[in-house]
Each structure stands twice: as C-alpha cells, then as structure tokens.
Amino acid sequence: MQEKPVVLSLKNISKKYPGVQALSDVSIDFHAGEIHCLVGENGAGKSTFIKMISGANIPDTGTIEVFGKVYNAMSPRLSGELGIDVVYQEFNLAEDMSVAENMYLGTEIKSHGLVDMKTINERAQEVFRRMDVKIDVRQIVGELSVSYMQFVEIAKALAKNAKILILDEPTAPLTEDEVDKLLNLLVELKKQGLTIIYISHRLNEMFRIGDRITVLRDGRKIVTDQTSNITTKDLISYMVGREMSFEYPPRSHEIGDVVLEAKHIVSEKVHDISFSVRAGEILGFGGLVGAGRTETARAVFGADLRYGGQVLLNGKEVKITRPKDAVAHGIGFITEDRKHQGLLLDESICHNISLAILRRISRFSVINRQTERTLASRQKDILRIKTPTIEATANSMSGGNQQKVVLAKWLAADCKVLIMDEPTRGVDVGAKQEIYKLISELAAKGIGIILISSEMEELLGMSERIIILHEGNFMKELSKSEFSQQTVMQYASGIM
C-alpha cells in the first residue's frame with residue numbers, strides 16, 4: 001500500500017524550561033488521512049510538543065514543516081491559517097453565548113453589515129448533523145452538560161475546516177456511549193482526509209482507532225510504529241521504561257465499622273439518596289453523566305445546598321453546611337475539576353499542599369514556612385511528584401502531577417473519609433497504578449473512601465461495593481459478588 005503524503009513534520013525539536021528539558025531532539029511525521037496517537041506518561045513532553053505545533057510555544061531548536069513549507073516556529077495565527085486546530089482538555093467556550101455563536105466567534109457571517117444569525121445557526125446545525133450529535137445550536141453553552149461542551153469544542157474546529165486536528169484527552173468527560181460516538185466520528189473524519197493527532201491515557205482507544213502510535217518518555221521519542229505492530233504490554237513498557245502489571249492492588253485488611261452515613265440526602269439534583277461507607281472500605285459510585293454522583297458528594301461535603309437529609313460520622317449527626325465544616329470533621333474531597341476547584345494554579349506546590357491544614361501549621365495566623373516546606377517535601381517524595389522544586393507554581397506542572405498535588409493536600413490533612421471524584425482522569429497508566437496503590441494504602445489505614453468513576457474497569461477493580469445512581473435517584477447497591485459491566489450498565493441506564 002502506498003504511504004500517504006506527509007502533511008506535518010517536526011524535525012529535531014528541543015525545548016528547555018528552567019530546570020526541565022521538556023523535549024530533546026524529537027522528530028515525528030504525520031500523514032494525510034491518518035489517526036496518529038501520541039502517548040506517554042504525564043511529564044513526557046506531549047503538551048509541550050502540541051504547543052510547538054499550535055504556536056503557543058517556540059522551540060529552542062528544530063523546524064516545523066506544514067504542507068511542504070518549512071518554518072522555524074509557529075504562531076497561533078499562522079497555525080490557524082494553515083488549518084491546524086487544537087481541542088484542549090480545558091474548554092475554551094463563552095458560556096453565556098449560544099452553541100452556534102461559540103462556533104463562529106471571531107468569524108461571524110454577516111449580511112448587510114449585521115451578523116446573520118440565521119445562516120450561522122444553519123451552518124452550525126449542519127456541522128452537528130455531520131457529527132451525528134443532536135443538539136439545539138441556539139442553546140446557551142453554560143446550560144450544557146460537560147459531554148456536550150466537549151462536542152461543541154470539536155464542532156468549533158470542524159466549522160473552521162481544520163485540516164489537522166489535535167485532540168487532547170477528548171473522551172475524559174464522556175460516557176461510554178458518547179466515547180463510541182466520538183471515536184466513530186473521528187474514523188469518518190479520517191476517511192474524509194483529515195489528519196488527527198490523538199492524545200489519550202485510555203490505551204484501548206489507541207488500539208481501536210489509531211493507525212500509528214508515537215511514544216514519548218522524559219522528553220524523548222521512544223518509538224513510532226504501526227498500531228498493528230504494538231501490543232498493549234509493549235506500549236506500557238515503552239511509556240514507563242519498565243514492565244507493569246494491569247492488576248489492581250490486592251487488599252487483605254479488615255473492613256471496620258461505619259464511619260460515614262448519609263441519610264435521605266436531597267439537593268437540587270439529588271432525590272433522597274442514602275448510603276454508608278465503612279472504615280477501610282472503598283465504596284464506588286457508578287452511573288452515567290447526569291446521574292447525580294458528583295452532586296450527591298457535593299451535598300454531603302457542603303459544597304452544594306442541601307435541602308434535606310442527615311450526615312453522620314461514627315454514628316453521630318454532624319452539621320455540614322459548607323466545605324469548611326466537612327474538612328473540620330475530617331472529610332476530604334478530591335474534585336473532578338482539579339484546575340478550577342482543586343488547585344490554586346498560580347500558587348506554589350508547597351502552598352497548595354498545605355491549604356487544608358493552614359490552621360495546624362500556623363501560630364497567631366502566621367504560617368510556619370519551615371513546617372510547610374517540610375510537609376510539602378515529604379508529600380512530594382511519597383507521591384513521586386515530578387518538579388524541580390516545591391516552590392514551582394501548580395500551573396507549571398503536567399496534569400498527572402497536578403492531580404498528585406491535590407492528593408497530597410488531603411493526605412496531609414489526615415482525613416477519616418476521602419471522597420475521590422474521577423481521581424485518575426487525565427492521568428497516565430503509570431501514575432494510575434501509583435494512585436490505585438495509594439488509594440489501597442489509605443483504605444488499609446482505616447480511611448473510608450468514596451470513589452466516583454466513569455471508568456468501568458476502575459470502578460469494578462477498586463470497589464468493595466458500588467452504589468448506582470440514575471438521574472439523581474438511587475437505583476441499586478451491588479456487593480462484590482454481583483459485580484459485572486452488564487449489571488452496572490443496566491441500572492445506570494435506569495432499568496430495574
């Protein structure tokens with residue numbers, strides 16, 4: 001079979017930041033009409049590599065060739081003019097504007113000097129018909145679910161007639177059905193000649209849609225090969241530099257008494273939910289997008305207004321009306337949105353780790369900086385957080401290392417109950433294994449864990465019991481002996 005022409009080629013790209021060699025002499029070609037998967041652990045250099053293509057960063061050395069023309073560097077404007085579009089993990093949407101307005105923001109279609117909303121709406125709707133996604137393009141983006149916001153981001157790129165589309169963890173917020181729809185769409189776009197650079201930590205997606213795979217590790221290219229030539233075991237070995245087991249950590253410790261009990265919890269999107277978690281137990285929360293898993297946890301934690309219900313710790317009712325109350329009672333919450341709710345991005349790693357225990361390390365409202373640094377350094381070593389210094393800001397880190405900082409914050413707080421909402425989202429396979437091991441170690445110490453996860457294997461592999469919700473309602477509690485993907489999906493879909 002004749003090889004398809006190269007449309008994008010990066011040659012000998014290097015980039016160094018203070019204390020970190022992000023990329024070292026990386027060369028990769030991308031062909032027309034292929035899905036080229038880019039994988040690697042957090043900190044491997046994937047994000048830096050994308051920024052070279054999009055013009056967000058300038059390489060120290062190397063060249064970028066696009067459709068046969070060589071450039072020393074890209075700029076965001078040049079990249080866009082050449083038909084390169086990036087859909088990042090974090091949404092870039094104007095939430096108070098409609099879907100269609102977002103898609104054509106900056107490229108508005110006008111008639112007689114006025115914005116032609118009729119034509120804009122029609123063209124936007126046509127893009128979604130091409131995607132086979134049902135949506136009212138006149139709807140305000142802020143009213144959409146997270147999954148539909150992701151579809152809007154992709155639709156924005158298609159509306160610009162992108163020739164090279166880069167997708168960074170596009171399926172992270174999606175349900176299994178939505179993932180299937182997106183992956184099928186990408187295969188169709190590939191057939192139409194679109195070049196797709198696909199980044200994901202979900203290896204099964206790579207093998208399902210990828211034509212070729214490139215592995216980065218510690219800023220260097222390890223291999224580029226046809227997907228058909230690589231096994232899952234090979235891929236993980238390339239990524240982490242060692243062989244890894246797929247097994248979830250074994251747990252042999254005894255489960256203790258009930259440490260937290262929630263009775264008849266009611267909030268705006270939660271309807272009479274009751275559950276309990278025992279000391280040393282990992283209680284899974286399953287359900288589709290919109291099931292109310294996060295909303296239930298937020299109501300218990302005091303982050304959302306609770307209209308009714310009780311929260312009991314060790315058999316005694318506690319008053320929790322705000323997160324501060326929950327933290328005071330020994331409840332921690334690793335949020336799904338680490339960038340906006342879990343971290344202060346412009347603050348140091350050190351300060352982020354100490355956020356939940358400032359009173360403990362302060363005297364007369366003055367923080368003991370030496371105690372803070374000692375604490376942060378210890379947590380950095382325990383969690384293997386990759387950073388040249390704990391004084392670096394959180395926004396300078398990769399997504400996986402940011403998640404480790406969030407984990408470190410609650411580890412430092414010595415919680416009795418820890419709610420984990422999608423703790424491995426956007427985290428590579430090596431870091432996932434570390435987080436799974438850490439979760440098991442926390443449970444072995446007697447901490448009650450509530451694990452909210454959209455990854456079926458993770459939910460089944462890590463939980464002792466699973467509570468399944470559907471549209472804010474309790475559907476079923478499953479014991480370990482009842483676990484199966486079919487059973488979980490049945491109840492998650494609202495079928496009794």
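The values are calculated or read from the model by the stated rules, or taken from the named source; none is laboratory data. This is a predicted model, so every value here is computed, not measured. Every residue, glycine as well, gets a Cβ built from its backbone with ideal geometry; the counts of neighbours run over all protein chains shown.
Answer with yes or no whether residue 197 is within 20 Å of the chain's Cα centre (by Cα) and at pLDDT 90 or above. Yes; evaluated as a whole, the condition is true for this residue. Of the candidates 280, 284, the single residue that is assigned to a loop (DSSP other than H, G, I, E, B), under 20 Å from residue 464 (Cβ atoms) and not hydrophobic (A, V, I, L, M, F, W, C) is 280. Step by step: first the residues of the stretch 159-188, then only those that are over 20 Å from residue 203 (Cβ atoms) and surrounded by 19 or more Cβ atoms within 10 Å (Cβ to Cβ), then the one that is nearest to the chain's Cα centre (by Cα). Which residue is that? Only one residue tops the list, namely 165.
Here residue 307 fulfils each of the conditions (1) part of a strand (DSSP E or B); (2) within 25 Å of residue 463 (Cα to Cα); (3) hydroxyl-bearing (Ser, Thr, Tyr) apart from (2). Beta carbons closer than 7 Å, at least 6 apart along the sequence or on distinct chains, pair a first residue in the stretch 339-350 that is in contact (Cβ under 8 Å) with a residue 60 or more places away in the chain with a second that is among the small types (Gly, Ala, Ser) for 343/394. Restricted to the stretch 379-416, and to residues there that are assigned to a helix (DSSP H, G or I) and among the polar types (S, T, N, Q), the residue that is nearest to residue 335 (Cα to Cα) is 403.
Number of residues in the stretch 149-172 that are modelled with pLDDT under 85 and part of a helix (DSSP H, G or I) equals 1.
Could you go through the stretch 49-63 and let me know if any residue there is within 30 Å of residue 139 (Cα to Cα) and at pLDDT 90 or above. The answer is yes, given that some residue of the stretch 49-63 is within 30 Å of residue 139 (Cα to Cα) and at pLDDT 90 or above. Across the stretch 221-244, not a single residue is classified as polar (S, T, N, Q) and buried (at least 19 other Cβ atoms within 10 Å of the Cβ).
When the residues of the stretch 361-375 are filtered to those that are at pLDDT 80 or above and of a type in the set (A, V, I, L, M), the one that is nearest to the chain's Cα centre (by Cα) is 375.
Among the conditions (1) over 27 Å from the mean Cα position of the chain (by Cα); (2) of a type in the set (Lys, Arg); (3) in a strand (DSSP E or B), residue 77 misses just one, which is (3). Residues that are surrounded by 13 or more Cβ atoms within 10 Å (Cβ to Cβ), hydrophobic (A, V, I, L, M, F, W, C) and either farther than 18 Å from residue 23 by Cβ or in contact with a His (Cβ under 6 Å, 6 or more places away or on another chain) (or both) within the stretch 67-80 comprise 67, 78, listed in sequence order. Are any of the residues in the stretch 451-472 in the same structural domain as residue 265 (by TED's automatic domain parsing), at pLDDT 90 or above, crowded, with 18+ Cβ neighbours inside 10 Å and on the phi > 0 side of the Ramachandran plot? For the stretch 451-472, residues in the same structural domain as residue 265 (by TED's automatic domain parsing), at pLDDT 90 or above, crowded, with 18+ Cβ neighbours inside 10 Å and on the phi > 0 side of the Ramachandran plot: present.
Flag: residue 45 matches the condition of being more than 22 Å from residue 194 (Cβ to Cβ) and in the same structural domain as residue 162 (by TED's automatic domain parsing). Which residue out of 448, 430 is assigned by TED's automatic domain parsing to the domain that holds residue 262 and closer than 21 Å to residue 303 by Cβ? Just a single option satisfies the conditions, and that option is 448. Residues in the stretch 337-360 that are farther than 13 Å from residue 390 by Cβ, at pLDDT 75 or above and surrounded by 15 or more Cβ atoms within 10 Å (Cβ to Cβ): 343, 345, 355.
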